[in-house]
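Throughout, read-outs are computed from the coordinates displayed, never taken from laboratory work. Keep in mind the model is a prediction, meaning the values are calculated, not measured. In this analysis, Cβ positions are derived from the backbone assuming ideal geometry, glycine residues included, and neighbour counts consider all displayed protein chains.
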Ligand code: ASP
Ligand code: MG
């Protein structure tokens, strides 16, 4: 089984979602597809949190535009028999979760900083919850998973880290019967193992989710589908002669990520390196390009 992670631009438009469908259809089944939020939506969800905290409820207009964008994607890519159901799912999360959460932020003057933070963490998780509902509905044999059910974090100083033990136990349970089909899971999102609060793995964390799932499920490969052809020898914006690096080691990839190469989120490398799982970086918009493979 391989894990295929698609980033924000790869799930961000009808055109890119159709590429995703072709790429996933060509893969052997079962397969596990991990998705980011539709491109730009995480930033919007967070910007709306700030607006709501300033008691500016014009954020609800932005929310309506986002609703529209998701509905258009559904009409463009979801299989006909599933469309009504996915439309209803999107509306339900917007009307029964996001809207009341934003209104609570905007209208509750007594809300403490911690409570606001908890609410914003719950809000920002909806990017991946909505995109994954659409992607699941694109496949007749789509199987939904909910990362809030098995990805666990715990407090670590001022921040939080993945709780490997609890996550391993829950992932093995949740994915115990994966004989066939297109399994779809959200990147990025998690819960605190003690409080049960919704948390996340940090901005760009969907790559990390995919690597964790690949490691825990002993995947034969991890594919990171993005909007560039792979790791480059230099930044192509400043070095037009930069070329794609066809193959690199985990150590080299880690070094480039740590140095600021934005291709993948730095914590992604360790879990797959530990299990010697090859990582392919591929371009959703140019799937024929060979990409970069990261190996021992
Ligand atoms: N949607 C999240 C972000 O924009 C996680 C991700 O895309 O990797 O940071
Ligand atoms: Mg990313």
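Some observations on this one:
- Cα-Cα P(r), the chain, percent of pairs per 10 Å interval: 6, 28, 35, 23, 7, 0
- Extension gain for residue 251-residue 60 works out to 64.3 nm (0.36 nm per residue, less the C-alpha to C-alpha distance).
- Label separation (residue 235 vs residue 104): 4.1 nm, computed from points 7 Å beyond Cα along the C-beta direction.
- Protection proxy ranking, peptides 211-221, 285-295, 240-250, average beta carbon neighbours within 10 Å, highest first: 211-221, 285-295, 240-250
- Shape of the range 95-185, Cα gyration tensor, a/c cut at 1.5: oblate
- In plain terms, the residue of 197, 141 with the fewest other Cβ atoms within 10 Å comes first and the most crowded comes last, giving 141, 197.
- Coarse-grained scattering of the range 159-296 at q = 0.10 Å⁻¹, given as base-10 log I(q)/I(0) from a Debye sum over alpha-carbon atoms: -0.36
- Extension gain, residue 180-residue 220: 0.36 nm per intervening residue step, less the Cα-Cα distance, totals 12.9 nm.
- The distance from the alpha carbon centre of the range 5-62 to that of the range 225-267 is 23 Å, rounded to a whole number.
- The percentage of C-alpha pairs in the range 178-227 whose separation is greater than 16 Å is 51%.
- Annotation: the antiparallel percentage among DSSP beta bridges lying fully within the chain is about 30.
- Separation in nanometres of the label points that stand 7 Å from Cα toward Cβ, at residue 46 and residue 289: 2.6 nm
- Rounded, prolate or oblate (a/c below 1.5 giving rounded, otherwise prolate when a/b exceeds b/c) for the range 32-130 by Cα gyration tensor: prolate
- If you run the Gaussian network model on the chain, springs between alpha carbon atoms under 10 Å, then out of 280, 225, 164 the most flexible one is 164.
- FRET E, pair residue 161, residue 80, Förster distance 45 Å, beta-carbon r, rounded to 0.05: 0.55
- Between the range 148-187 and the range 95-126, the alpha-carbon centres lie 24 Å apart.
- Spacing of the two label points (7 Å from each Cα toward its C-beta) at residue 227 and residue 97, in nm: 2.5 nm
- By definition, a body whose alpha carbon gyration tensor gives a ≥ b ≥ c is oblate when a/c is 1.5 or more and a/b is not larger than b/c, and the range 218-289 fits this oblate description.
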